[in-house]
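Novice: Handing you this structure, nothing more for now.
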Amino acid sequence: MKMQKEMKKFCPKCKKHTTQSVAIYKKGKDRKTALGARRHAEDKKGYGGQKFPELKRTAKTTKKITLRYTCKTCQRKTMKEGMRMRKLEIQP
């Protein structure tokens, strides 16, 4: 799917429709010292191995792409979970 680089969208801070730039949101690197990661490592440790069955193959062929909108006037960033698609192309 092809999408424009800029679009008019409602800004919650400005409380009006403004021009906003579109970008694909990418998740940051996980922290190894986070509490959930430490608990998961503890469960996997020793005999018994994995607590839950490991996923051998994925059922879905696509992922939901999250879009990040940046307001041109106030620089407020809002995110919206987009639809399922294989590839998103942002055009200038």
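The values are calculated or read from the model by the stated rules, or taken from the named source; none is laboratory data. As the structure is a computational prediction, the values presented were derived from the model and not from experiment. Glycine also receives a Cβ, built like all others from the backbone with ideal geometry; neighbour counts cover every protein chain displayed.
Novice: Across the range 51-74, what is the number of residues that are of a type in the set (A, V, I, L, M) and either surrounded by 10 or more Cβ atoms within 10 Å (Cβ to Cβ) or in contact with a helix residue (DSSP H, G or I) (Cβ under 9 Å, 6 or more places away or on another chain) (or both)?
Specialist: To start, the set of residues in the range 51-74 that are of a type in the set (A, V, I, L, M) comprises 55, 59, 65, 67.
Cutting the leftovers down to either surrounded by 10 or more Cβ atoms within 10 Å (Cβ to Cβ) or in contact with a helix residue (DSSP H, G or I) (Cβ under 9 Å, 6 or more places away or on another chain) (or both) gives us 65, 67.
Count: 2.
Novice: Output the number of the condition that Gly48 fails; it satisfies all remaining conditions of (1) surrounded by fewer than 10 Cβ atoms within 10 Å (Cβ to Cβ); (2) on the phi < 0 side of the Ramachandran plot; (3) small (Gly, Ala, Ser).
Specialist: With (1) surrounded by fewer than 10 Cβ atoms within 10 Å (Cβ to Cβ); (2) on the phi < 0 side of the Ramachandran plot; (3) small (Gly, Ala, Ser) applied to Gly48, the lone miss is (2).
Novice: Filtering the range 14-35 down to residues that are over 19 Å from the mean Cα position of the chain (by Cα) and not in a loop (DSSP other than H, G, I, E, B), which residue is farthest from Leu88 (Cα to Cα)?
Specialist: Once the filter is applied, the top-ranked residue is Leu35.
Novice: Could we say that Glu42 is without any contact (Cβ under 8 Å) to a residue 60 or more places away in the chain, on the phi < 0 side of the Ramachandran plot and of a type in the set (Asp, Glu) here? Don't jump to the end; show me each part of the working.
Specialist: Working: without any contact (Cβ under 8 Å) to a residue 60 or more places away in the chain: yes; on the phi < 0 side of the Ramachandran plot: yes; of a type in the set (Asp, Glu): yes.
For Glu42, the condition - without any contact (Cβ under 8 Å) to a residue 60 or more places away in the chain, on the phi < 0 side of the Ramachandran plot and of a type in the set (Asp, Glu) - is met.
Novice: Now a separate question. Check the range 45-56 and report whether any residue there is assigned to a loop (DSSP other than H, G, I, E, B) and either under 22 Å from Leu88 (Cα atoms) or modelled with pLDDT of 95 or more (or both).
Specialist: At the first step, the residues of the range 45-56 found to be assigned to a loop (DSSP other than H, G, I, E, B) are 45-56.
Now drop any that are not either under 22 Å from Leu88 (Cα atoms) or modelled with pLDDT of 95 or more (or both), which leaves none.
No, the range 45-56 has no match at all.
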